[in-house]
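Undergrad: Here it is, the structure, as structure tokens.
The values are calculated or read from the model by the stated rules, or taken from the named source; none is laboratory data. Quick caveat: nothing in here was measured; it's all calculated off a predicted structure. Backbone-built Cβ (ideal geometry, glycine too); neighbour counts: all protein chains shown.
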Amino acid sequence: IPEIEMPGHGLAALTAYPWLGCTGGPYAVWTHWGISDDVYCAGKETTFEFIEDVLTEVLALFPSKLIHIGGDECPRVRWKECPDCRARMEDEGIEDEAGLQTYLTLRIGRHLEAKGRRLIGWDEIMEGGLSPEAVVMSWRGTQGGIAAAREHHHVVMTPGQYLYFDKRGTDSPDEPVSLNLSLPLEKIYGYDPAEGLSEEEQQYLLGVQANLWTEFMATGKRVEYQLLPRIYALSEIAWSPVARKSWEEFSRQRLPAYLARLDAEGAAYQVPQPHGIREETLEGGCFRFTIRPPFPGCRVYYTLNGATPYDFDREVPGELEVIVPRGEQRVLKCVAVTPAGRRSMVVTT
Ligand code: ACM
Ligand code: ZN
């Protein structure tokens, strides 16, 4: 399914065709990422001609029933000042700028429907009301998707807190530069997209999607690293009945088999960290840790002096006791090493 973003995130189009914006420009393509206040003018007819022309070309290329029109992260400040946008609002009896975005979404939706297609957009498209045919992709959490299903709109769940694979896998400072938010594999696996929906409402749930935005990804290998092995958890979320899901079985049986296949392919992936320890600071004099390998066959090595643990360091015993004399501190670092010799991120407590 192609996504042609509108009315925000279109600065490259505005740069090429400045009359599509409220101020007329000049605009410049950004060399960094973010959200620009300059968006398509929803007042001018030329904007609609342009978008419909682009979509006509897109429809010739993509046979999908659903066509994604974006709709997210569109500041409406230019619309407040623009005479064309104000005139449109007056002519159409539109009360606020959210309603103006709804006008654009409805109009583009009708254009797609006339060509036998269906509009899908990010959950912002619901803000000023939505045409019954439109499909909602819930990314700002699950509430948008739940609200949409209650109003009998089809939805795709892709909530940021569970399914944004551009987030880092752990809180380790050694993770490659990423969004400063972490998303552990177990949290992904535990997500149930039907959560909060009645049986009747669940018929509107089309499925799930994970997003992997590449602002921080310099190479294809890096994308692979963010994606693997998370995509296997996504598959079970999408296709396994909740009653048949088991984190224990997934992480200890299926995951090692997947990783062995990835080893054979030479893929980049995130090695699961040891269980029973996490990135945190503890206070006290005596600690007992029960640290387990992430799956059978992995080994876990540790140090207590702040050094990075290597495969020639001590292996964690079944129970590790750490005594910290009054006024002192200890830094416990653990790493998991897979049968193929791949290392996890180090966990520091
Ligand atoms: C989004 O992540 N802006 C849909
Ligand atoms: Zn305007």
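Undergrad: Of the residues that sit in region 34-50 and are in a helix (DSSP H, G or I) and closer than 20 Å to Glu92 by Cα, which one is farthest from ligand 2 (Cβ to nearest atom)?
TA: To start, the set of residues in region 34-50 that are in a helix (DSSP H, G or I) comprises 45-50.
If we keep only those that are closer than 20 Å to Glu92 by Cα as well, we get 45-49.
Details: Glu45: 11, Thr46: 11, Thr47: 8, Phe48: 12, Glu49: 15 Å.
That would be Glu49.
Undergrad: Which residue is nearest to Phe250 (Cα to Cα), if the candidates are limited to region 288-300 and must be exposed (fewer than 15 other Cβ atoms within 10 Å of the Cβ) and not charged (D, E, K, R)?
TA: Pro296
Undergrad: While we're looking at this one, here's another question. Filter region 134-167 down to residues that are of a type in the set (Ser, Thr, Tyr) and either in a loop (DSSP other than H, G, I, E, B) or within 16 Å of ligand 2 (Cβ to nearest atom) (or both) and give me whichever is nearest to Ala210 (Cα to Cα). Explain how you work it out, then say what you get.
TA: Step one: list which residues in region 134-167 are of a type in the set (Ser, Thr, Tyr), which gives 138, 142, 158, 162, 164.
After this cut, where a residue has to be either in a loop (DSSP other than H, G, I, E, B) or within 16 Å of ligand 2 (Cβ to nearest atom) (or both) as well, the list is 142, 158.
Details: Thr142: 13, Thr158: 6 Å.
Residue satisfying both the conditions and the ranking: Thr158.
Undergrad: Tell me which residues, restricted to region 117-164, are more than 20 Å from Tyr103 (Cβ to Cβ) and among the polar types (S, T, N, Q).
TA: Hits for region 117-164 are Ser138, Thr142, Gln143, Thr158, Gln161.
Undergrad: I need the full set of residues from region 271-328 which are among the acidic types (Asp, Glu) and part of a loop (DSSP other than H, G, I, E, B), in order please. Break it down stepwise before answering.
TA: Narrowing region 271-328 to residues among the acidic types (Asp, Glu): 279-280, 283, 311, 313, 315, 319, 321, 328.
Correct list: Glu279, Glu280, Glu283, Asp311, Asp313, Glu319, Glu328.
Undergrad: Answer yes or no: is there a residue in region 74-93 that is part of a loop (DSSP other than H, G, I, E, B), in contact (Cβ under 8 Å) with a residue 40 or more places away in the chain and within 16 Å of ligand 1 (Cβ to nearest atom). I'd like the intermediate steps shown before the answer.
TA: Going residue by residue through region 74-93, those that are part of a loop (DSSP other than H, G, I, E, B) are 74-76, 82, 93.
Next, only the ones that are in contact (Cβ under 8 Å) with a residue 40 or more places away in the chain stay: 74-75, 82.
Then keep just the ones that are within 16 Å of ligand 1 (Cβ to nearest atom); that gives 74-75.
Looking through region 74-93, at least one residue is part of a loop (DSSP other than H, G, I, E, B), in contact (Cβ under 8 Å) with a residue 40 or more places away in the chain and within 16 Å of ligand 1 (Cβ to nearest atom).
Undergrad: Then there's this: Out of the residues in region 51-73 meeting the condition of being assigned to a helix (DSSP H, G or I) and surrounded by 14 or more Cβ atoms within 10 Å (Cβ to Cβ), tell me which one is farthest from the chain's Cα centre (by Cα).
TA: Start the filter on region 51-73 by keeping residues that are assigned to a helix (DSSP H, G or I), which leaves 51-61.
With surrounded by 14 or more Cβ atoms within 10 Å (Cβ to Cβ) added as a condition, the list becomes 51-52, 55, 58-59.
Details: Ile51: 26, Glu52: 28, Leu55: 25, Val58: 25, Leu59: 26 Å.
Selected residue: Glu52.
Undergrad: Residue by residue through region 76-113, note down the ones that are within 13 Å of ligand 2 (Cβ to nearest atom), closer than 25 Å to Glu133 by Cα and under 30 Å from the mean Cα position of the chain (by Cα).
TA: Hits for region 76-113 are Arg76, Glu97, Leu100, Gln101, Tyr103, Leu104.
Undergrad: If you don't mind, there's one more thing I want to ask. For region 167-184, indicate whether the set of residues that are surrounded by fewer than 22 Cβ atoms within 10 Å (Cβ to Cβ) and β-branched (Val, Ile, Thr) is non-empty.
TA: yes
Undergrad: Also, I was wondering about something else. Which of (1) in contact with a Phe, Trp or Tyr (Cβ under 7 Å, 6 or more places away or on another chain); (2) more than 16 Å from ligand 2 (Cβ to nearest atom); (3) farther than 30 Å from Arg230 by Cα; (4) not polar (S, T, N, Q) does Gly129 not meet, given it meets every other one?
TA: In the conditions (1) in contact with a Phe, Trp or Tyr (Cβ under 7 Å, 6 or more places away or on another chain); (2) more than 16 Å from ligand 2 (Cβ to nearest atom); (3) farther than 30 Å from Arg230 by Cα; (4) not polar (S, T, N, Q), Gly129 misses (1) alone.
Undergrad: Same structure, new question: Determine which member of the set Ala233, Ala238, Ala267, Ala307 is at pLDDT 95 or above, surrounded by fewer than 17 Cβ atoms within 10 Å (Cβ to Cβ), of a type in the set (A, V, I, L, M) and in contact with a helix residue (DSSP H, G or I) (Cβ under 9 Å, 6 or more places away or on another chain).
TA: Working: Ala233 fails: surrounded by fewer than 17 Cβ atoms within 10 Å (Cβ to Cβ); Ala238 fails: in contact with a helix residue (DSSP H, G or I) (Cβ under 9 Å, 6 or more places away or on another chain); Ala307 fails: in contact with a helix residue (DSSP H, G or I) (Cβ under 9 Å, 6 or more places away or on another chain).
Step by step, each of Ala233, Ala238, Ala267, Ala307 is checked, and only Ala267 is at pLDDT 95 or above, surrounded by fewer than 17 Cβ atoms within 10 Å (Cβ to Cβ), of a type in the set (A, V, I, L, M) and in contact with a helix residue (DSSP H, G or I) (Cβ under 9 Å, 6 or more places away or on another chain).
Each row is one residue, and each column tells you yes or no for (1) more than 30 Å from Thr31 (Cα to Cα); (2) in contact with a helix residue (DSSP H, G or I) (Cβ under 9 Å, 6 or more places away or on another chain); (3) part of a helix (DSSP H, G or I).
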| position | (1), (2), (3) |
| --- | --- |
| Trp213 | no, no, no |
| Gln226 | no, no, yes |
| Ala243 | yes, no, yes |
| Ala257 | yes, no, yes |
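Undergrad: Pairs only if they're at least six apart or on different chains, beta carbon under 8 angstrom, first in region 2-14 and more than 13 Å from Glu52 (Cα to Cα) and of a type in the set (Lys, Arg), second in a loop (DSSP other than H, G, I, E, B) and within 13 Å of ligand 1 (Cβ to nearest atom); list them, first residue then second.
TA: As it stands, the answer is none, since no pair meets every condition given.
Undergrad: Would you please name the residue that is nearest to Glu127 (Cα to Cα), looking only at residues in region 26-73 that are away from ligand 1 (no atom under 16 Å from the Cβ) and small (Gly, Ala, Ser)?
TA: Applying the filter and picking the extreme gives Ala42.
Undergrad: Here is a further query. Can you name every residue in region 197-223 that is of a type outside the set (D, E, K, R), more than 16 Å from ligand 1 (Cβ to nearest atom) and exposed (fewer than 15 other Cβ atoms within 10 Å of the Cβ)?
TA: Answer for region 197-223, where residues must be of a type outside the set (D, E, K, R), more than 16 Å from ligand 1 (Cβ to nearest atom) and exposed (fewer than 15 other Cβ atoms within 10 Å of the Cβ): Ser198, Gln202, Gln203, Gly207, Ala218, Thr219, Gly220.
Undergrad: Now a separate question. Failed condition for Leu255, given (1) crowded, with 19+ Cβ neighbours inside 10 Å; (2) in contact (Cβ under 8 Å) with a residue 40 or more places away in the chain; (3) touching a strand residue (DSSP E or B) at 6+ places or on another chain (Cβ under 7 Å); (4) within 20 Å of Glu175 (Cβ to Cβ), with all others met?
TA: (3)
Undergrad: Check whether at least one residue in region 120-129 is assigned to a strand (DSSP E or B) and farther than 30 Å from Ser182 by Cβ, and report yes or no. Show your work before the answer.
TA: As a first pass, look at region 120-129 and keep what is assigned to a strand (DSSP E or B): 120-122.
Imposing the further condition that a residue be farther than 30 Å from Ser182 by Cβ reduces the set to none.
Looking for residues that are assigned to a strand (DSSP E or B) and farther than 30 Å from Ser182 by Cβ, one finds none in region 120-129, hence no.
Undergrad: Identify all residues within region 13-29 that are away from ligand 2 (no atom under 11 Å from the Cβ) and surrounded by fewer than 13 Cβ atoms within 10 Å (Cβ to Cβ); write none if there are none. Outline the logic, then answer.
TA: Our first condition is that a residue be away from ligand 2 (no atom under 11 Å from the Cβ); within region 13-29, this holds for 13-18, 25-29.
Passing the criteria: Ala16, Pro26, Ala28, Val29.
Undergrad: Further question on the same structure: Let me spell it out: the conditions are (1) surrounded by fewer than 17 Cβ atoms within 10 Å (Cβ to Cβ); (2) touching a residue at least 60 places away in the same chain (Cβ under 8 Å); (3) within 30 Å of Leu228 (Cβ to Cβ), and Glu315 meets all of them except one. Which number is the exception?
TA: The failed condition is (2).
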